[in-house]
Amino acid sequence: MKPTLYICREMPEEIVAPLRELYEVDMWQSTTVAVPRDVLLEKCATATALWTVISDQIDDEVLQVASKLKIIVNMAVGYNNIDVEAARTRGIIVTNTPDVLTETTADLAFALLMATARDLIGAENALREGRWTSWEPLGFTGVDIYGSTLGIVGMGRIGEAVMRRAKGFGMDVLYHNRSRKHGVEDMYGCTYAELEELLASSDFVLILVPYSAETKGLIGKDELERMKETAILINVARGGIVDENALFDALRTKKIHAAGLDVFETEPVPLDHPLLTLPNITVLPHIGSATVKTRLAMMGLNQKALLAFAKGEEPNHQVT
Ligand code: NAP
Ligand code: GLV
């Protein structure tokens with residue numbers, strides 16, 4: 001008898017087809033609506049393998065009912081939607097999709113930085129709404145990217161890829177990690193800084209650390225107060241790393257100049273969220289890795305991990 005695979009979101013048939021040869025595949029039939037919690041709990045009771053996306057919360061409650069579960073493959077590099085420790089203690093393998101999305105997410109991070117610096121969305125809206133009445137000496141002005149300092153909090157795979165782009169744009173780069181990367185410093189001429197120093201010295205602060213108990217609320221009131229009044233905060237990592245209430249206050253009172261967010265504490269962000277009332281913020285619906293090529297590559301890694309598991313081989317990209 002084949003093991004059961006539950007897929008929490010509708011995936012393209014060409015990706016799923018090879019899995020049908022080794023698994024009894026059951027799949028939530030929607031690309032846009034997340035699998036409801038009660039369905040997830042019911043399906044997990046019989047599944048040997050589970051294919052999740054970041055909106056699926058795989059916590060202790062799910063794992064408790066999932067007595068047959070042996071592997072979870074997550075279609076993301078971030079895996080904070082899964083209680084990895086609880087999975088590990090139950091002997092369940094968890095895999096993710098690093099590397100294949102690095103350059104695509106770095107492109108988006110840099111695009112969001114540029115869009116926020118020059119308020120591209122605000123300018124486009126002004127044009128479309130008939131508010132472009134003449135060329136104004138100080139109309140639609142933003143801040144320079146060239147010659148400015150970018151502070152990257154989380155100089156990992158994506159951080160490094162953004163740093164290379166920043167160097168091409170004539171930026172100085174500071175970074176903060178728990179550990180220094182001397183090789184990267186030597187190769188690209190970026191500089192390590194403690195978080196306080198990075199916040200105080202950067203014109204752009206880009207958040208790219210994973211979400212964890214340690215990084216939850218990493219950027220709060222005190223950290224925002226350390227930033228320059230002219231500075232811009234960009235978060236492409238996870239909502240919750242930046243305290244949204246503190247960010248709202250800092251933007252409203254102009255303690256910082258602007259922010260660009262691809263991620264929110266609650267996703268989709270509620271349309272009545274206070275942050276959405278502010279003019280000095282550029283917002284995106286969590287699209288860091290969203291190109292067809294990259295999303296298919298992420299699915300491909302998940303598919304390979306599932307095929308390997310079913311054949312008794314070692315699945316790729318296991319997280320610990
Ligand atoms: P990565 O290679 O693991 O890089 C993360 C970096 O953060 C590492 O260099 C790590 O260095 C540093 N770090 C971890 N904890 C830290 C802490 N407490 N304080 C300071 N630095 C810390 O991961 P990645 O592939 O670049 O991805 C980063 C994150 O981006 C993912 O976890 C995900 O949440 C997010 N992401 C978002 C999107 C999107 O669509 N918006 C797409 C892809 C990824 P040390 O260990 O030395 O501290
Ligand atoms: C997306 O947010 C990811 O972690 O891949």
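The values are calculated or read from the model by the stated rules, or taken from the named source; none is laboratory data. Being a predicted model, the structure only gives us computed values, none of them experimental. We place every Cβ from the backbone using ideal geometry, glycine too, and count neighbours over all the protein chains shown. Just the protein is used for accessible areas: all its heavy atoms, side chains included, with ligands, DNA and RNA removed. Shrake-Rupley method; radii C 1.70, N 1.55, O 1.52, S 1.80 Å.
Note down the nm distance, to one decimal, between modelled labels 7 Å out along Cα→Cβ at residue 31 and at residue 290.
According to this spin-label approximation, the distance is 1.3 nm.
Distances longer than 16 Å among the Cα atoms of segment 221-320: what percent of all pairs is that?
When every Cα pair of segment 221-320 is considered, 65 percent fall beyond 16 Å.
So what's the back-of-envelope 222 nm ellipticity for the chain, counting only DSSP H runs of four-plus at -39500 (n - 2.57) apiece and dividing by all residues, rounded to 500? Mind showing how you got there, number by number?
Working: 12 runs with 113 residues, N = 320.
Computed ellipticity for the chain at 222 nm equals -10000 deg cm²/dmol.
Grab the Cα-Cα distance for residue 267 and residue 132, subtract it from 0.36 nm times how many residues apart they are, and report the gain in nm with one decimal. Write down the numbers at each step before the final one.
Details: separation 135, 0.36 × 135 = 48.60 nm, distance 3.34 nm.
Computed gain between residue 267 and residue 132 is 45.3 nm.
For residue 191, which sequence-distant residues (separation of 5 or more, or a different chain) have an amide H within less than 5 Å of its own amide H, given hydrogens modelled in the peptide plane?
173, 174, 175
Sort the following peptides by mean Cβ neighbour count (other Cβ atoms within 10 Å, averaged over residues), highest first: 67-74, 234-241, 172-179. If you can, show how the numbers build up before the last one.
Details: 67-74: 21.2, 234-241: 23.9, 172-179: 18.2.
Those peptides, ordered most packed to least, come out 234-241, 67-74, 172-179.
What number comes out for the charge environment of residue 140, summing +1 per Lys or Arg and -1 per Asp or Glu over other residues with Cβ under 12 Å away?
With Lys, Arg at +1 and Asp, Glu at -1, the net is -1.
Provide the FRET efficiency to the nearest 0.05 for the residue 89-residue 277 pair, computing r from the beta carbons and using R0 = 35 Å. Can you show the working numbers first?
Values: r = 44 Å, r/R0 = 1.25.
After rounding, the FRET efficiency stands at 0.20.
Hey, can you find the accessible area per residue of the chain for me, probe 1.4 Å, expressed in square angstrom?
Numbers: 15810 Å² over 320 residues.
Normalised by residue count, the accessible surface of the chain is 49 Å².
How big is the convex hull of the Cα atoms of segment 119-225, per residue, in Å³?
On the way: hull volume 15.6 nm³, N = 107.
Once divided by residue count, the hull of segment 119-225 is 146 Å³.
Mind giving me the nanometre distance, one decimal, between the label points for residue 125 and residue 221, set 7 Å out from Cα along Cα→Cβ?
About 2.8 nm separates the two model spin labels.
Roughly to the nearest percent, how much of the accessible area of the chain is carbon and sulfur, given a 1.4 Å probe? Mind showing how you got there, number by number?
Numbers: 8450 of 15810 Å².
Carbon and sulfur: 53 percent of the exposed surface of the chain.
Calculate I(q)/I(0) for the chain by the Debye formula, one identical point scatterer on each C-alpha and no solvent, and give its log10 at q = 0.09 Å⁻¹ to two decimals.
Log10 I(q)/I(0), no solvent term: -0.52.
What residues of segment 1-17 lie in the reach of a label at residue 46, counting those whose backbone N is under 14 Å from a point 7 Å from the Cα along Cα→Cβ?
Those under the cut-off are 2-7.
Can you give the net charge of the other residues whose Cβ lies under 13 Å from the Cβ of residue 98, counting K and R as +1 and D and E as -1?
Details: positive: 157; negative: 99, 103, 160.
Residues near residue 98 contribute -2 overall.
Normalised by the residues of segment 1-84, what does the relative contact order come to in percent, with Cα pairs under 8 Å and at least six apart?
Details: 137 pairs, mean separation 25.7, N = 84.
Once divided by the residue count of segment 1-84, the mean separation gives 31 percent.
Run the simple label-point estimate for residue 57 and residue 307 please: 7 Å along Cα→C-beta, distance reported in nm.
Placing both labels 7 Å along Cα→Cβ, they lie 3.5 nm apart.
Apply the Karplus curve 6.51 cos²θ - 1.76 cosθ + 1.60, θ = phi - 60°, to the phi angles in segment 174-186 and return the couplings in whole Hz, x for Gly and Pro.
Listing the rounded values in order: 9, 9, 9, 9, 6, 10, 7, 10, 5, x, 5, 4, 5 Hz.
Pairs of alpha-carbon atoms within less than 8 angstrom and 6+ residues apart define the contacts here; what relative contact order does the chain have, in percent? Walk me through the numbers before you get to the answer.
Values: 581 pairs, mean separation 54.5, N = 320.
Computed over the chain, the figure is 17 percent.
Below 8 Å between Cα atoms, with a sequence gap of 6+, how large is the relative contact order for segment 140-197 in percent? List each step's numbers first, then the result.
On the way: 68 pairs, mean separation 19.4, N = 58.
Reported relative contact order: 33 percent.
Karplus couplings for segment 294-306 from phi (6.51 cos²θ - 1.76 cosθ + 1.60, θ = phi - 60°), rounded to Hz, Gly and Pro as x?
So the Karplus estimates, Gly and Pro as x, are 6, 4, 5, 5, 5, 4, x, 5, 4, 4, 4, 4, 5 Hz.
Can you list the HN-Hα couplings for segment 110-116, worked out from phi with the Karplus curve (6.51, -1.76, 1.60; θ = phi - 60°), rounded to whole Hz and with x for Gly and Pro?
Result, ordered by residue: 6, 4, 5, 4, 5, 4, 6 Hz.
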